[in-house]
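The next block holds one structure in the form of structure tokens; read it before the comments.
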Amino acid sequence: MVSSGRTHPRYRYGGRFFGRRVNCEHVPMLPAQVVAGMLDDPRKIPYLLVWKSRSNGTAREAVRIAACNETNCPDALYWLAGVEIKGHDGTCNFIITMLRRLPRNGGSVRLLICPYCSIPRRGLYGWKPSGRFTNSVVRSTWGCRKCSGLRFASEGGALLIRPRGTLGLVFGIGHSPRPESWLPYVFTSTEKAVEAGVL
Ligand SMILES: [Zn+2]
């Protein structure tokens, strides 16, 4: 029933999972799209990102993102632009982004390269599971969902009413709607965030 050597052993009882469980939907997500918008902004200004509590609207997390090379960015650096993510607690992370060409329409999409696994991702997460409770979190270096040890809410049977047969799998019968990612409010200055009542 209990695996050895883990601070938080995993229990299985009746097919349910009782180990550490932090769902990525409850962790601030930095979307690659927002970083792309900041890098492509002709004003070349840093953006302030604020994640508000979904229960009471207070600011739970805030970072300032800025391009590392704001002036005369050569083409090569545009394709692999670096971004600085400054936390309000003084921490500073450096993330590399990359433009990936889309095969169909000739367009491209910017992705954030996870500093742990080096895989380009559509979003990175700022907290990871740690601490006293199985669902408690601590602020961490921004990493992808996998490297941050986060789960989707639908994993492990949390939201899934086991579908029966192929039709259930194909049409998702019995699935509760997946909670949405915790996305930031985006501001171009602290003043604007204050005006909006977010800070
Ligand atoms: Zn990763």
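For (1) modelled with pLDDT of 90 or more; (2) closer than 18 Å to P120 by Cα; (3) outside any strand (DSSP E or B); (4) open to solvent by 10 Å² or more (accessible area, probe 1.4 Å), each residue gets a yes or a no:
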residue	(1), (2), (3), (4)
G37	yes, yes, yes, yes
W51	yes, no, no, no
R54	no, no, yes, yes
N72	no, no, yes, yes
L77	no, yes, yes, yes
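In this structure, does R139 turn out to be touching an Asp or Glu at 6+ places or on another chain (Cβ under 9 Å), open to solvent by less than 60 Å² (accessible area, probe 1.4 Å) and either closer than 17 Å to C24 by Cβ or away from the ligand (no atom under 16 Å from the Cβ) (or both)? Considered against the rule, which asks whether it is touching an Asp or Glu at 6+ places or on another chain (Cβ under 9 Å), open to solvent by less than 60 Å² (accessible area, probe 1.4 Å) and either closer than 17 Å to C24 by Cβ or away from the ligand (no atom under 16 Å from the Cβ) (or both), R139 comes out as no.
Restricted to the range 120-135, and to residues there that are at pLDDT below 90 and either of a type in the set (S, T, Y) or within 15 Å of the ligand (Cβ to nearest atom) (or both), the residue that is nearest to D89 (Cα to Cα) is S130.
The number of residues in the range 111-130 that are in a strand (DSSP E or B) and either over 15 Å from the mean Cα position of the chain (by Cα) or closer than 22 Å to E25 by Cβ (or both) comes to 11.
Hey, among the residues in the range 23-35 that are in contact with a Leu (Cβ under 8 Å, 6 or more places away or on another chain) and in a helix (DSSP H, G or I), which one's most open to solvent (accessible area, probe 1.4 Å)? So that I can check it myself, show each step before the final result.
Our first condition is that a residue be in contact with a Leu (Cβ under 8 Å, 6 or more places away or on another chain); within the range 23-35, this holds for 23-24, 27, 29-32, 34-35.
With the extra rule that they be in a helix (DSSP H, G or I), the set shrinks to 24, 32, 34-35.
Values: C24: 6, A32: 3, V34: 29, V35: 2 Å².
My answer is V34.
Restricting attention to the range 103-119, the residues that are open to solvent by 70 Å² or more (accessible area, probe 1.4 Å) and either touching a Phe, Trp or Tyr at 6+ places or on another chain (Cβ under 8 Å) or within 16 Å of the ligand (Cβ to nearest atom) (or both) add up to 3.
Residues in the range 87-102 that are within 19 Å of the chain's Cα centre (by Cα) and either within 15 Å of the ligand (Cβ to nearest atom) or closer than 22 Å to T190 by Cα (or both): G87, H88, D89, T91, C92, N93, F94, I95, I96, T97, M98.
The values are calculated or read from the model by the stated rules, or taken from the named source; none is laboratory data. Since the structure is predicted, the reported quantities are computational estimates derived from the model, not experimental observations. Glycine also receives a Cβ, built like all others from the backbone with ideal geometry; neighbour counts cover every protein chain displayed. To get the accessible areas, we keep the full protein, side chains included, count just its heavy atoms, and leave off ligands, DNA and RNA. Shrake-Rupley method; radii C 1.70, N 1.55, O 1.52, S 1.80 Å.
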